[in-house]
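S.K.: One structure, as C-alpha cells, below. Some questions next.
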Amino acid sequence: MAMPEAFNDGPTGHTSGSADVLPPGVPAPPVTYEVARAELEEVVRRLEAGGVSLEESLILWERGEGLAKTCQALLDGARARLAAATPLS
C-alpha cells in the first residue's frame, strides 16, 4: 500500500517510514529554523491548494502545528541568546 503524500516530510522529499527511524538511544539531528519554516510553508501551501482527503488534511494540519511550535521554540531560543549577550543599559 502506498504512503499518502501527506507523509512527505517536506522539501527534501524524504518520507516518513521505517527507513528513517533512528536506532534507540540515537538522538535525532537538530532541525534548523530555516528547514522547519520551509516545511511549514509547504504544509500551508498544500492545505490551501486543497485536493487532499480529510485524513491527509488532518495529518498535514497536525504536522503544521508541530512545525509552528518548533519554529517558535527556535525563535524564543534565539531571543534568549540575544538578550543574554546584550548588556543592559
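S.K.: Look through E48, E55, E39, E65 and report the one residue that is in contact with a Leu (Cβ under 6 Å, 6 or more places away or on another chain) and not hydrophobic (A, V, I, L, M, F, W, C).
M.R.: Answer to the selection: E39.
S.K.: Looking at region 9-41, which of the residues that are over 20 Å from G77 (Cα atoms) and under 11 Å from the mean Cα position of the chain (by Cα) is modelled with the highest pLDDT?
M.R.: The residue in question is E41.
Conditions (1) surrounded by fewer than 12 Cβ atoms within 10 Å (Cβ to Cβ); (2) in contact (Cβ under 8 Å) with a residue 24 or more places away in the chain, marked per residue:
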| position | (1), (2) |
| --- | --- |
| E42 | no, yes |
| L47 | no, no |
| G50 | yes, no |
| E55 | yes, yes |
| G66 | no, no |
| K69 | yes, no |
| L88 | yes, no |
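The values are calculated or read from the model by the stated rules, or taken from the named source; none is laboratory data. Note that this is a predicted model, so its numbers are computed, not measured. Virtual Cβ from ideal backbone geometry, glycine too; neighbours counted across all protein chains shown.
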